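In what follows, a single structure is set out as structure tokens and then discussed.
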There are 2 protein chains.
Amino acid sequence: MFVLLRRRILAASLAALLPLGCSSSRSVVRTEADASISAAPEEAPRWGLVIPGGAGVILRESLTSEREAAVRATLQEALQAGHVILARGGSSLDAVTAAIRILEDSPLFNAGKGAVFTHEGKNELDAAIMFGPTRQAGAVAGLRHVKNPITLARAVMEQSPHVMMIGEGAEAFARQQELELVSESYFHTEERWQSLQRALEAEGSQARQPTSFWSRPEGRAFKFGTVGAVALDQKGQLAAGTSTGGMTNKRFGRVGDVPVIGAGTYADSRCAVSATGHGEFFIRYTVARDICARLQYQELPLREAADTVVMDVLVKAGGEGGVIALDEHGNVAMPFNSPGMYRGYMGPDGVPSVAIFREE
Amino acid sequence: MFVLLRRRILAASLAALLPLGCSSSRSVVRTEADASISAAPEEAPRWGLVIPGGAGVILRESLTSEREAAVRATLQEALQAGHVILARGGSSLDAVTAAIRILEDSPLFNAGKGAVFTHEGKNELDAAIMFGPTRQAGAVAGLRHVKNPITLARAVMEQSPHVMMIGEGAEAFARQQELELVSESYFHTEERWQSLQRALEAEGSQARQPTSFWSRPEGRAFKFGTVGAVALDQKGQLAAGTSTGGMTNKRFGRVGDVPVIGAGTYADSRCAVSATGHGEFFIRYTVARDICARLQYQELPLREAADTVVMDVLVKAGGEGGVIALDEHGNVAMPFNSPGMYRGYMGPDGVPSVAIFREE
């Protein structure tokens, strides 16, 4: 039900258009929404916003109902923040920035405030943003004091001649741009700290070969978490953004796919993608660009392009995670090959659709 | 003449197969070489090595004959180092590493020893390597003490579960891997220091808006320089690598396209690319991946895919530079839209072809 239907395909079987694993009850809800969208004039621009809040080992049994409610409420709040901007004719870039800032400010997601800890007990944040029509992009990595990395990524894109800045240099630019800086303690949350302790303990006897930790089953649970947004505004302009604290217990200045344009974040005039998952695989398979390349050169529908890369190419490679993607027509794809992926969608009707598990 | 001809197309006009701007005299030389290659048994594996040594404002009048001779000799030495490995059946990964190490150790190229200076008078080095058959990749950025960044990129790829490491963390990994570290003074060369002084002077009155420097004509000359290599070994395995000191007078921890997999460096089973040029454009247009995507999904010949991206897409966007590319059949493309690009090719015959200007 995350697909915006165009009038001419409404007659087709709705079931065939649903993403993998949609429950029938949920389908009914969105079918109504889809029908109201499709009843709009054909020339009406399709617009909307999709957000991921992290993919990975998110199991029903390990998520309390209080936490689940808080996650869903924050995802809705982020959708709402982006939607308000899009509804009044604002740009997709503003909508993406606004939605991601809310997720960064929440301790519930692995980005900004809720960033996971490195092996050394620090927080190192990465983010990227890209504007489809101009292919302008900004990316930052290895931040320790920037409250909202997505805002710095955007400043790099708009206020510098560069695309990517890292570490202390990037933070010097943040100071020059008068962005909000915080002390390292701002990013300290007890839950993430305990995650690090569990990761260090699980690593245990592997201490002399720490790099093998991530390939062991107990390392798997610590790998994921990223927030993002892709949006299509009323002018038909696509934008994508992603922000993350990376992997719990990461070391050696490890950077994942988020600030790698074409891997975790990408937008052009036809297609925008934000990814969440095991970043190394997303870099090696240039996941975001590959989805858009298949759409552009093979003329595949967005859904098929995204499904092929996430459910086939990445699965064969062993790369766990998912993406959210939007095309220029407002079609949405949200495939994930992990047990769960926090995600949400909001179209012109302003009805939020938020989901965590596969069967939603 | 940088194209390995296959027997079945030998009858076609040689002129039509030559890269843009090849002089007829040079064509004759390579035509002989091509003829000898094409006379090999058809089942013989095509293999070879291509290297770039930087693109940009390389003008005949500003290059002394001594320097030109030294540049050509070092490019030949790098080709030879890779060729020896390929000729004895070694891997493309080893050939790429060996060739790039020689270029990194030379003060003539903007990588390793000859790296340009940042605004603060430091040297910050980036590199990446990728092995096509497995799509394994390693990338490093913001190094200050690693003598051969390409070797660290390879260690990240082979000895860690990660793809990208930056800054001090990456150097800690280099220490753990017992790679050669040097003091910052190792990278101090008088010529690059003078370049920085000229850049600072040219920046002059723009000091309060330093970020506009690069878009001014006087900034253009300081932008480029990268070394790299792509190779196809006798088993048909492609690899690509790139190494750079970035842009003279860069600041804020700026990172260009080199360590961004899919932008400046990329290899898969069909296609390998190493880029040199104005990195920001190469990131935004995911240049290396886009060339290989056009080959993969549009089934374009390598030459056409590379020419389209470099001579059309990048030119329209204003992105100056070039690429070297190899496909699985040993076809070579080396398009560049800048005045010059250091480049060289060596195939099974062991005859080095080295060129700098367009009309070679």
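Nothing in this text is a laboratory measurement; each read-out follows from the coordinates by a stated rule. Source: prediction; values computed, not measured. Reconstructed Cβ throughout: ideal geometry from the backbone, glycine too, with neighbour counts over all protein chains shown.
Please report, in debye to the nearest 20, how large the charge dipole of the stretch A:71-119 is about its Cα centre when each Lys and Arg carries +1 at its beta carbon and each Asp and Glu carries -1 there.
Numbers: 4 positive and 4 negative charges, 13 e Å.
The calculation lands at about 60 debye.
Averaged over B:295-305, how many beta carbons belonging to a partner chain fall within 10 Å of each residue's beta carbon? Write down the numbers at each step before the final one.
On the way: counts 1, 5, 9, 4, 1, 1, 0, 0, 0, 0, 0.
Average per residue, whole number: 2.
When each copy gets a label point 7 Å from Cα toward the beta-carbon at B:Ala70, what are the spacings between them in nm, shortest first?
So the distances to the same position in the other copies read 6.3 nm.
Taking one equal scatterer on every alpha-carbon of the stretch B:69-209, how large is log10 of I(q)/I(0) by Debye at q = 0.21 1/Å?
-1.24
If you average the alpha carbon positions of the stretch B:256-275 and of the stretch A:160-178, how far apart do those two centres end up, in angstrom?
Each part's Cα centre sits 25 Å from the other's.
Under the 0.36 nm per residue contour assumption, what length would be gained going from the current alpha-carbon distance of A:Arg358 and A:Ala69 to full extension? Mind dumping the intermediate values first?
Values: separation 289, 0.36 × 289 = 104.04 nm, distance 1.70 nm.
Full extension from A:Arg358 to A:Ala69 adds 102.3 nm.
Just checking the output field for B:279-288: average partner chain Cβ neighbours within 10 Å of each residue's Cβ?
Numbers: counts 3, 7, 2, 2, 10, 12, 6, 14, 1, 2.
The shielding value for this peptide is 6.
Kindly give the distances from A:Trp193 to its copy-mates, label point to label point, with each label point 7 Å from Cα along Cα→Cβ, as nm values to one decimal ordered shortest first.
4.8
Convex hull volume of the Cα atoms in the stretch B:48-357, per residue, in Å³? Walk me through the intermediate numbers first.
Values: hull volume 35.8 nm³, N = 310.
In the stretch B:48-357, the Cα hull volume divided by residue count equals 116 Å³.
Once you place label points 7 Å from the Cα toward the Cβ at A:Gln159 and B:Tyr186, how far apart are they in nm?
Label-label distance for A:Gln159 and B:Tyr186, simple model: 3.7 nm.
Please sort B:116-122, B:251-257 by packing, taking for each peptide the average over its residues of neighbouring beta carbons within 10 angstrom, highest first. Each step should come with its number before you reach the end.
Working: B:116-122: 19.3, B:251-257: 28.1.
In decreasing order of mean packing, B:116-122, B:251-257 become B:251-257, B:116-122.
How many nm separate the modelled label positions at B:Glu178 and A:Val351, each set 7 Å beyond the Cα in the direction of the Cβ?
Spacing of the two 7 Å Cα→Cβ label points: 6.5 nm.
What lysines does B:Lys113 reach when the alpha-carbon gap must be under 22 Å and sequence neighbours fewer than 8 apart in one chain are set aside?
Output for B:Lys113: B:Lys122, B:Lys147, B:Lys223, B:Lys250.
Give me the inter-chain shielding for A:170-177: mean count of other chain Cβ atoms within 10 Å, whole number please. List each step's numbers first, then the result.
Working: counts 5, 2, 4, 5, 1, 0, 4, 0.
That works out to 3 on average.
Give the Rg/Rh ratio for the stretch A:54-131, taking Rg as the radius of gyration of the Cα atoms and Rh as the Kirkwood radius, to two decimals. Kindly include the intermediate steps, with their values, before the conclusion.
On the way: Rg = 14.5 Å, Rh = 14.0 Å.
That ratio equals 1.03.
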